[in-house]
1. Could you check the spin-label model distance between residue 254 and residue 207? Points 7 Å from the Cα along Cα→Cβ, value in nm.
2. Going down the table (235/283; 214/239; 84/283; 178/235; 76/278), which pairs top 32 Å between alpha carbons?
3. Determine, from the Cβ-Cβ distance of residue 66 and residue 98 and an R0 of 25 Å, the FRET efficiency 1/(1 + (r/R0)^6), rounded to the nearest 0.05.
4. Can you tell me how much longer the chain between residue 220 and residue 74 gets when fully stretched, taken as 0.36 nm per residue apart minus their C-alpha distance, in nm with one decimal?
5. In Å, what Rg and Dmax follow from the Cα atoms of region 119-201?
6. Can you figure out the FRET efficiency of residue 185 with residue 234, using R₀ = 35 Å and their beta-carbon distance, to the nearest 0.05?
7. Going by how many other Cβ atoms sit within 10 Å of their own, how do 53, 139 line up, fewest first?
Amino acid sequence: MSDQAQALRNLIKNKSTEQTRNTRIITVTSGKGGVGKSNFTLNFALALQKKGFKVLVFDADIGLANIDVLMGMSPKYNLYHLLKKEKTIWEIIQTGYNDLQFIAGGSGFNDLIRLTEEQLDYFEKQISQLNGHVDFILFDTGAGLSKETLKFILAAQETIVVTTPEPTSITDAYAIIKMVHSMDYHTPFRLVVNRVTDLREGRQTADKISMVAKQFLQLDIPTIGYVMDDSSVSKAVKKQVPFTIAFPSSDASKSIGELADNFIANQVPSETQAGAVKGFLNKMLKMLK
């Protein structure tokens, strides 16, 4: 009887947590391709889950959607099936490593601009159900300054910009921040420097972007952290297993864990957080019309 009572208490506790959970919408982007953005998004999500948070990854990279590839999976359904009203939001959610939930985008986002009012209404009602379902929704967007990527950045509560120490990556990361700022949107940016040889290189790279943003845009761009350049990452990609799972003791995995700690410790409360998904959709659909 005591075991049954405890199980009931746990169920009630979990239900209570589900009802009061605030979902935060985060866009992950980069100024250029090839910086490891999707790999970062996947392993960052897994690190957040390891720390007790519930996360859903939304693969919003229209041309090169590959979150599923990094996990060696072939999703049966994606966003397209939702937009065509063939499946519900719950039916297109897939489960990957460590029960990480994700939604494959496929060509679905291209179809958003061609939806009828009835289809848009269905889409909004379905996606709205995610509010309170998870703590974080991470949108892995396409790299660069595409129209689709900009819409996600402008609609999200905050954006993580992934860069590397390469000069072209630094320049392009700053360019995407400058572009959004020029549109008079007050999107909070945070920076991640990937593939650094040491912390000194990571700090120098982040300082270059933050100092220029402060001087010319009057923007403060905090840095969440740095991810070490590590051969384990490419090995994990070839195995189609997230590197934090395949090589949990690697330098890159340790970096992701520290970065997740810093991200959580420096979360900025949002007045609209309780209705984050609804707010995101309102902004997104407004830009589509």
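FYI, it's all coordinate maths here, none of it is from the lab. These numbers were taken from a predicted model, which means no experiment stands behind them. Cβ coordinates were reconstructed from backbone atoms using ideal geometry, including for glycine residues, and neighbour counts include every protein chain displayed.
1. Distance between label points: 2.3 nm.
2. Table pairs above 32 Å Cα-Cα are 235/283; 214/239; 178/235.
3. 0.85
4. 48.6 nm
5. For region 119-201, the Cα-based Rg and Dmax read 15.5, 50 Å.
6. Calculated value: 0.45.
7. Listing 53, 139 from fewest to most nearby Cβ atoms yields 53, 139.
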